[in-house]
Structures are given as C-alpha cells and as structure tokens.
Amino acid sequence: MDGTEGTVTYIVRPDPEAVTAARHFTTSMLGGWDLGGLTDDVALVVTELVTNALRHGVPTHPHFPSGPPAPLSPLASSVPGCDDAIRLRLLHGRVHQTPWLLAGILDGGQEAPRRKEPDYIAETGRGLHLVDSFTHCWGWRPMTAGKIVWALFRHP
C-alpha cells in the first residue's frame, strides 16, 4: 500500500542540548520504524537542519547567537511553554512500493536557507552542502508563521 505509514513531531527547545536531543529522537524513531539503514544520513541531516533553525529561525539565544532577534512564531507560541520552539517532523511511507522518509524542520524564520560558498577555513557554512549530499532531494517553503525546510530520503 502506498501512503504515509507513520508521522511524529518533536518540539526542539533552544538550549545547548537541543541538537543532541533531536538527533537521539530521530535515531530512536527510525529504529522503531525499522528504517535503521537510513539512521546515519538522516541523523546528520537533522543535526544540520536543527542547528540552522536554532541559529537563524528563533529569537537570539545566548547559546545560538544569530544577530538581530527574529520575531516569535505564532506556530511556536501555540504550544504552552514553547514560545520559541522549533518543530522536527518525521514522516515515513511508500511511493510505488519504494520506502521513503521525510524530515521537516519548522521554525519562525522568514528567510530562505542559502548555501554559502565553501570556505575551507571557516568552522561553519557547510550544513546545506551536507544536506544536499545526503538526501534524495531537499527544499523549503514559506509558511504563514515562518518556514519549513524539508529533506527526502529513500530507503537503501
């Protein structure tokens, strides 16, 4: 049967352990869905996308400085205690009998994600290049309350 077989959402809070927690949540869900063959690639991409969302899609936080504060997202503030939350959503299913997984990161930022020119000395700026390398495809879309950056994976 084609269609969605599972979907989960994880609230990412802006704290120093957020990226690690999102990665652990992702690997746990993939194991439970018997998609262990995707774990390394998906965990890497989720790490990069959550890091980008924390740096660019939420109000400035001391652990994730991003310049001027972004406006609070109505999407995030609709959950009590999650005023500057980011959402990680994982969906898996089948298209023409081919297993797939979609990872989406919803944040309150309005700016489009941009790949930077490679700088081999800089410590940052490679995230979207990694996302491009480890996914079948990826993209983003503006939402009423921010944006979603998504990444599609095919089961090996």
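Derivation of every value follows stated rules applied to the coordinates shown; laboratory data play no part. Worth saying up front: this structure is predicted, and the values here are computed from it rather than measured. With ideal geometry, Cβ positions are generated from the backbone for all residues, glycine too; neighbour counts draw on all protein chains shown.
Things to note:
- Distant-in-sequence amide H partners of residue 6 (H built 1.01 Å from N, under 5 Å): 92
- Ranked 92, 155, criterion: other C-beta atoms within 10 Å, fewest first: 155, 92
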